[in-house]
Amino acid sequence: MVTSRTSRRHFLGAIGAAVASFGTRRMFGAEAARDNIHLGMMLQADSAVELHKNAKAIAAAGFDTVQVTFFFPPTADELKSLASALKELKLKTAAFGTYFNLFRPEETGFMRSSIATMKLVAEHAGLFDCKQFITWSASYSPKFTGADPRNHTPEAVAHLQRAIREIILPVLEPIDGRVAFEPFYLHVVGTLALAKEVFAPFPASRVGLVLDPPGFIPLDLYRKRDEEMCRLFRELGDRVHLAHFKDIKLNAAGNGLVKPGPGNGEMNYPLLISEIRKLHRPLSCIIEHIKAEPAEMSKTKAWVEKQLKVGS
């Protein structure tokens, strides 16, 4: 029983705080945070037949979400068949991987894709109920791993911004689609500073980033990889559309980097998971750099899920 004005005020204040706290927990609290990571698997292949085969293996391994990546130019009929197969397997498409060099959009030197693939997939995106596209940013080099110092210049940033406006957005705007650039330290979106510059003129809802911390790490930053990961979230967290789960470590000689599947390197997964939780919004996190083989997928899935439980 409330016996005074003061105690009544305290009582009502406590009730109000409890209600506010409950509402906050529902929006941003621990339970919501634990659920904001939705684990998926990379579905990629050099042919439509192989895509179907890998999709069946991915579903059998217990996944329900994929990023569909085309390392070949699909036909309209192949896209229709694939969309139907994914629905039958109850696999949701979180994103399309149509990887090409935005400075050479008609060429297929980067992973055998081009702007033509993006256009065709965009025309059939409704079949997959997906509007998220992933691609590389750009490089003046025709080779994916080619180093060109011009990539990290103001001119490259301006060139890429024009390409986004004139090449990417006209393809995706009619379907209300959006693009996320996967970082690679040799490309224009290769440093956090350059990424911020590239994205600045565009709304985050339309142009964003694949959360792929190893992509920003050249050899000279390897020892500072945790610091760079925290910077990524701090400076570009609002741009993250989707995450890739892979790993990173020094090669046997110690003079280069390799990027195996999750759990096979030295990336700080507890830190990564903690930072994703702080985004307080759902995020598809796609496992990659492992073979689409049942044993390997099941092992990696179990390892990641263990990290998620530890980090919850």
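Please treat every number below as a calculation from the coordinates, not as lab data. Values in this document were obtained by computation on a predicted structure and should not be read as measured data. With ideal geometry, Cβ positions are generated from the backbone for all residues, glycine too; neighbour counts draw on all protein chains shown.
Considering only Cα-Cα distances, which of the following residue pairs are longer than 20 Å: 80/119; 53/92; 278/301?
Pairs exceeding 20 Å: 278/301.
If the elastic network links every pair of Cα atoms under 10 Å, which of 202, 184, 233 fluctuates the most in the Gaussian network model of the chain?
202
Compute the relative contact order of region 127-276 as a whole-number percentage, counting only Cα pairs closer than 8 Å that sit 6 or more residues apart in sequence.
20
Over what distance in Å are the Cα centres of region 130-209 and region 223-257 separated?
What the calculation gives is 18 Å, centre to centre.
I want to check the label-to-label distance for residue 64 and residue 162. Put each point 7 Å from Cα in the C-beta direction and report it in nm to one decimal.
4.7
When the Karplus curve 6.51 cos²θ - 1.76 cosθ + 1.60 is applied with θ = phi - 60°, which whole-Hz ³J(HN,Hα) does each residue of region 39-46 get, with x for Gly and Pro?
7, x, 10, 6, 10, 9, 5, 8
Determine ³J(HN,Hα), in whole Hz, for all residues of region 229-237 in sequence, where each value follows from phi through the Karplus function 6.51 cos²θ - 1.76 cosθ + 1.60 and θ = phi - 60°; x replaces Gly and Pro.
Whole-Hz 3J(HN,Hα) from phi for region 229-237: 4, 5, 4, 4, 5, 5, 9, 10, x.
Karplus couplings for region 125-130 from phi (6.51 cos²θ - 1.76 cosθ + 1.60, θ = phi - 60°), rounded to Hz, Gly and Pro as x?
4, x, 5, 9, 6, 9
Residue 246: which aspartates and glutamates have alpha carbons under 19 Å from its alpha carbon, excluding same-chain residues fewer than 8 sequence positions away?
64, 182, 212, 226, 227, 228, 266, 275, 288, 293, 296, 305
Once the Cβ-Cβ distance between residue 309 and residue 155 is put in as r, and R0 is 41 Å, what FRET efficiency do you end up with, to the nearest 0.05?
Efficiency computed from Cβ-Cβ geometry: 0.30.
With a sphere of radius 14 Å drawn around the Cβ of residue 217, what net charge do the other residues whose Cβ falls strictly inside it have (Lys, Arg +1; Asp, Glu -1)?
Spelling it out: positives minus negatives among the neighbours equals -1.
Using alpha carbon coordinates only, what is the Rg to Rh ratio of region 101-212, with Rh defined as the Kirkwood radius?
Radius of gyration relative to Kirkwood radius: 0.94.
Antiparallel DSSP bridges in the chain: what percent, to the nearest 5?
Roughly 5 percent of the beta bridges in the chain run antiparallel, per DSSP.
Find the all-direction average of the projected area of the Cα convex hull for region 45-91, expressing the result in square nanometres with one decimal place.
2.8
Just want to confirm a number: the relative contact order over the chain, from Cα pairs under 8 angstrom separated by 6+ residues, in percent.
Relative contact order here is 17 percent.
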